[in-house]
Amino acid sequence: MIEILALIALVNINKKNALARGRKPGGFIALTICLWLGLEFLGAFIGGALNLGFGIYVLAIIMAGIGALISYLAAKNCKPGTYMPPAQPVIQNTAPNVEPAAFSGPAQMQYMTTPYSEYEQGTLTSYCHKCGAPLIEGALFCSDCGQQRYMPVQPVNTRTSIEKNDAVQFQYNSNDSVPCTVEPMRAVWTAVWLIGIWLMIYITHILPDNNLIYCGSVSYTIVTVLLGTGMYLLMQQGVKYKVYAGGIMFMAVLIYLFNYFLLDVLILGRLGVNLHDLFLSSISLMRIINILLRVFVAAGGALLFTRLLRPKRQCEPVLDNDTTVTWDSGVKDEKKRVWRTSLYTALVSMLIQIVFTISTSRIYSERPILLVTFFVSCLITATTLFFTPPALHALSAMKTKHIQLSGWGLVWCWLCVAGMFFSIAMYIAVMVNLVPFPIQMYSSQFLMSIVAFTGFIMLIAKKRLGWYIVLFGSYVALVGQFNESFNAVVQGATDYTPLLTGAIFGSLNPLITWLSIRGAWRANPVNIRQPLLVQ
């Protein structure tokens, strides 16, 4: 009964937060109920599988609390909209620059506004009528309390044709439509960074007695991310980016082959060998055809769907510093094109991969349980191909490099810094045999802790790039760990259950981080005008 009352209270809170942000509350109410009950049942299932006894209820309550926290952050920091409840009346006021009941209070500071024609709409008020905080020019919601901005309503049909043309020109000449630059070279440096991470993992396991488990799925995830990076570069205009895409995809093929050799060495137990011995291992022709087919489908799909989905207005490169200039309307079209191209390419790649593998491998007919792991791996690969180009596009089109954290976002980053520091210390203790009891840990987890520690430090230092470091590092390590441990658990290796549980719970870290810091983006500077005292 107490849980039902708590769920109803949380639903009401999220409903109010969604309405304050100008969003319809129905989706957030459904999200709250699904996260609460879904994670609660998931916690009960995990506790039952581990035979925790009374701990099943404790784990279920903890998971329900995590779902409640995620739903609250989603409703509190959602993107502002323009929705207004039907029961809320629209207040009319003939004074264009005055809030309701503005004359009843004491003298307040107000920004000067330019006089408008009597036929134009009234200008937006420059302070919030709920909390009194100054409003950013062009914003529809208050940045402090989230209240929707008061906008005096006047008929717009009385404007002349000249004024309408001026309004259209103002749309492309105002601060809201300033040109922004897209820098695809950031995607290239991201690929170089991922290759460096893989080299660190690879070199670690060439050395003997490291006491850490090698996770081959992490390397395969890096290969998929590199293919997605090549897809994004193939979507760009210019031969230079096509060359970069070819080089990155070639490195993906090399990593795929090296990963197979390293797995062969680990299975045979021949640690501490040199690079020449690695190439003595045999690799089947089907594996080579498999990776080449994946590269061909990713590159061909990106080129084909980019050409088919080409918008009417292209973003033409006009600068000499590896940047592309476009307008806000063009940025939205480009974003949609990247999402759609990634989706279609990922679906085609997954379909071809399933057909090719099942038609050339007999092991799936002999052991049907492997079909489950195969389909999960294909789904993870397609999801990675789908999300990588949009994430790189967001990184390339990032307008500012700064972020201002406060409140819960700052507290969460400090907590994550402490947690990652503890994880690094634990992995070092395992590597040098300082832990008195055996612990199974992946080497990729150790590197993920170092990368995430660096990313959270950058976020605290107001560097927006830290979020993308946390995102890519956590995604590669956690997705690879989940895929590897899930395959092992399905085939009966129960020793990998803690690793599978750790991957599931670890995915909540970047999710809560995104929900905590997304409201702190400082994309546009605030224009300070000369204040005018209004009585």
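Structure data summary
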item: Residue in the stretch 318-350 that is modelled with the lowest pLDDT, counting only those that are crowded, with 20+ Cβ neighbours inside 10 Å and not in a helix (DSSP H, G or I); result: T326
item: Which numbered condition I56 fails, given (1) touching a Gly at 6+ places or on another chain (Cβ under 8 Å); (2) hydrophobic (A, V, I, L, M, F, W, C); (3) in contact (Cβ under 8 Å) with a residue 24 or more places away in the chain; result: (3)
item: Complete set of residues in the stretch 483-494 that are surrounded by fewer than 23 Cβ atoms within 10 Å (Cβ to Cβ), in contact with a helix residue (DSSP H, G or I) (Cβ under 8 Å, 6 or more places away or on another chain) and free of Cβ contacts under 8 Å to residues at least 60 places away in the same chain; result: A488, V489
item: Options L459, L471: the member that is modelled with pLDDT of 85 or more, closer than 20 Å to L73 by Cα and touching a strand residue (DSSP E or B) at 6+ places or on another chain (Cβ under 8 Å); result: L459
item: Pairs with Cβ under 8 Å, 6+ apart, first in the stretch 355-370 and farther than 18 Å from L293 by Cβ, second among the β-branched types (V, I, T) and assigned to a helix (DSSP H, G or I); result: I369/V490; L370/I363
item: Lone unmet requirement of (1) hydrophobic (A, V, I, L, M, F, W, C); (2) without any contact (Cβ under 8 Å) to a residue 24 or more places away in the chain; (3) in contact with a Cys (Cβ under 9 Å, 6 or more places away or on another chain) for L405; result: (2)
item: Within the stretch 409-456, tally of residues that are within 19 Å of the chain's Cα centre (by Cα) and surrounded by 18 or more Cβ atoms within 10 Å (Cβ to Cβ); result: 11
item: Within the stretch 16-32, tally of residues that are buried (at least 17 other Cβ atoms within 10 Å of the Cβ) and in a helix (DSSP H, G or I); result: 9
item: Matching residues, the stretch 364-398, being surrounded by 14 or more Cβ atoms within 10 Å (Cβ to Cβ) and not in a helix (DSSP H, G or I); result: A397, M398
item: Residue within the stretch 201-209 that is at pLDDT below 85, in a helix (DSSP H, G or I) and crowded, with 21+ Cβ neighbours inside 10 Å present; result: yes
item: Sole residue being assigned by TED's automatic domain parsing to the domain that holds S377, closer than 23 Å to A302 by Cα, surrounded by 15 or more Cβ atoms within 10 Å (Cβ to Cβ) and at pLDDT below 90, chosen from V253, V225, V239; result: V253
item: Any chance I352 is outside the structural domain of F472 (by TED's automatic domain parsing), touching a helix residue (DSSP H, G or I) at 6+ places or on another chain (Cβ under 7 Å) and either of a type in the set (K, R) or free of Cβ contacts under 8 Å to residues at least 40 places away in the same chain (or both); result: no
item: Residues being closer than 28 Å to V338 by Cβ and not in a loop (DSSP other than H, G, I, E, B) - total across the stretch 399-439; result: 3
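The values are calculated or read from the model by the stated rules, or taken from the named source; none is laboratory data. The structure presented is a predicted model; accordingly, all values stated were derived computationally and were not measured. Neighbour counts run over all protein chains shown; Cβ positions are idealised from the backbone, glycine included.
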